[in-house]
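Step one of this worksheet: look at the structure below.
Please treat every number below as a calculation from the coordinates, not as lab data. Everything quoted here is computed from the prediction, not taken from an experiment. Cβ coordinates were reconstructed from backbone atoms using ideal geometry, including for glycine residues, and neighbour counts include every protein chain displayed.
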Amino acid sequence: MSIAVVPNRLCPSCSAADPVEPQAQLWPPGWRCGRCGHVVPVQDDVPILAPELVGSTESFDAAFFPKLASLEATHFWFVARNKLIVGLVDRFFSSASKFLEIGCGNGAVLTALAGARRWQRLVGSDLHPSALTIARSRVPNAEFIQLDATRILAENVFDVVGAFDVLEHIVDDEAVVRGVRRAVVPGGGVVIAVPQHPWLWSEEDEIAHHVRRYRRGELETKLEHCGFEVLFSASFVSLLLPLMVANRMFHRPCGKDAELGHGLEIGPTANRVLSSVLLAEVSLTLAGLRWPLGGSRVVVARAAN
């Protein structure tokens, strides 16, 4: 006889579980904990679950979000990564209807996912409310919450959780994975993308507030330790890896250029060429090809029984 699984939100103050109704918001305005009386504050209509971290620049500089927003829709790397993520979610979680993205930023991935299927619950979270304001304008039907990724205050709520180029910013990345394991329903899963290969470490990683670049197999091991079964693992940005290495060897960002995201601005012709190469790589990956090396690693895992 199976035991019914109850989806819960968890109080930021005392961790008490509060059942989430299927059609209700995960964090409705003015939510108050029935145990300790804690009220979740709201900023610009966004529930603030970690108010002590609002304005923090330790893991990412929020001032960069408007710049990023102007690039995400057409930049080859974002376009190809979105195609890969949507393809993997469709392949491994075709019936999923409840999705959380950790560190959604401006909502570029959520926009792609929202356009791919109808979701019963689509939630974007980030440490920075300013990014969520932009994301909400792009995906008005999604819910948004300000959240510390190491404290995902949900239990048995989501079919899939995504974290795309987020874990490398966080010292205790396994705390995030443990929280994801609790947040997903039995049999639910996770899709994660991270920068790969410590030997690619450069000043660009320092500018981006990265804590690490992942060794091959490192993320997979951490997922297994936290109760997941790895279903898929592959490199990303493999065909363009020589260009990436050359750029890091011969281009030294500094000063104002570094602050403005020097590496993302390229001309339209170069963007079209690089986009065609990377989209071809994504198509081959989704067709079954696995790349041994690449600037990023993408892993799909399912909660083990």
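Angle, helix 268-286 long axis vs. longest principal axis of the chain, Cα atoms, 0 to 90°, nearest 10? Relative to the chain, helix 268-286 is tipped by roughly 60 degrees.
Placing unit charges on each Cβ (+1 for Lys and Arg, -1 for Asp and Glu) gives region 40-303 a dipole about its Cα centre, and among Ala208, Leu153, Val273 the Cα reaching farthest toward its positive end belongs to Val273. In the chain, the longest principal axis of the Cα atoms and the axis of helix 76-92 are about 50 degrees apart.
Treating only the Cβ atoms of Lys and Arg (+1) and Asp and Glu (-1) as charged, compute the dipole magnitude of region 40-303 about its Cα centre; round to the nearest 20 debye. Before the final figure, lay out each step's value.
Details: 26 positive and 30 negative charges, 187 e Å.
Value, rounded to 20: 900 debye.
For Ala16, the amide hydrogen comes within under 5 Å of the amide hydrogens of Cys11, counting only partners 5 or more places away or on other chains and with H modelled in the peptide plane.
Across region 40-303, C-alpha contacts under 8 Å between residues 6 or more apart give a mean separation that, scaled by the residue count, equals a relative contact order of 22 percent.
A straight Cα-to-Cα reach below 14 Å connects Lys222 with the aspartates and glutamates Glu168, Asp172, Asp173, Glu174, residues fewer than 8 places away in its own chain not being considered. Pick from Val194, Val273, Val123: which is most flexible by mean-square fluctuation in a GNM of the chain where alpha carbon atoms under 10 Å apart are linked? Highest fluctuation of the listed residues: Val273. Annotation: the antiparallel percentage among DSSP beta bridges lying fully within the chain is about 50.
Note on region 146-190: the C-alpha convex hull projects to 3.0 nm² when averaged across all orientations.
Which of the trypsin sites (Lys or Arg not before Pro) across region 113-212 are loop residues per DSSP, with 16 or fewer other Cβ within 10 Å?
Values: sites: Arg117, Arg118, Arg121, Arg136, Arg138, Arg151, Arg178, Arg181, Arg182, Arg212; in loops: Arg117, Arg118, Arg151, Arg212.
Answer in residue order: Arg117, Arg118, Arg151.
Residues whose amide H comes within less than 5 Å of that of Asp148, counting only those at least five positions distant or on another chain, are Ala50 (H built at 1.01 Å from N in the peptide plane).
By the Cα gyration tensor, region 40-303 has an equivalent ellipsoid whose semi-axes, rounded to whole angstrom, run 26, 22, 18 from largest to smallest.
For region 220-230, backbone phi angles converted through the Karplus equation (6.51, -1.76, 1.60; θ = phi - 60°) give residue-by-residue couplings of 4, 5, 5, 5, 5, 4, 9, x, 10, 10, 6 Hz, Gly and Pro being listed as x. Judged by the ratio a/c of the largest to the smallest principal axis of the C-alpha gyration tensor, region 75-124 counts as oblate, that ratio being 1.5 or greater while a/b is no larger than b/c.
Secondary-structure-derived ellipticity at 222 nm for the chain, considering helices only, amounts to -9500 deg cm²/dmol, per-run term -39500 (n - 2.57) for DSSP H runs with n ≥ 4. Dividing the alpha-carbon radius of gyration of region 1-141 by the rule-of-thumb value 2.2 N^0.38 Å gives 1.16. Answer with one residue from Leu219, Leu264, Val191: the one whose Cα lies farthest towards the positive end of the charge dipole of the chain, charges on Cβ with Lys, Arg +1 and Asp, Glu -1. Value: Val191.
Axis angle, to the nearest 10 degrees, between helix 173-183 and the longest C-alpha principal axis of the chain: 40 degrees. Between the exposed loop cleavage positions of the chain, defined as GluC sites (Glu not before Pro) in a non-H, G, I, E, B DSSP state with at most 16 neighbouring beta-carbon atoms within 10 angstrom, the longest gap is 59-264. At the listed q of 0.15 Å⁻¹, the Debye profile of region 72-225, built from one uniform point per Cα, gives log10 I(q)/I(0) equal to -0.78.
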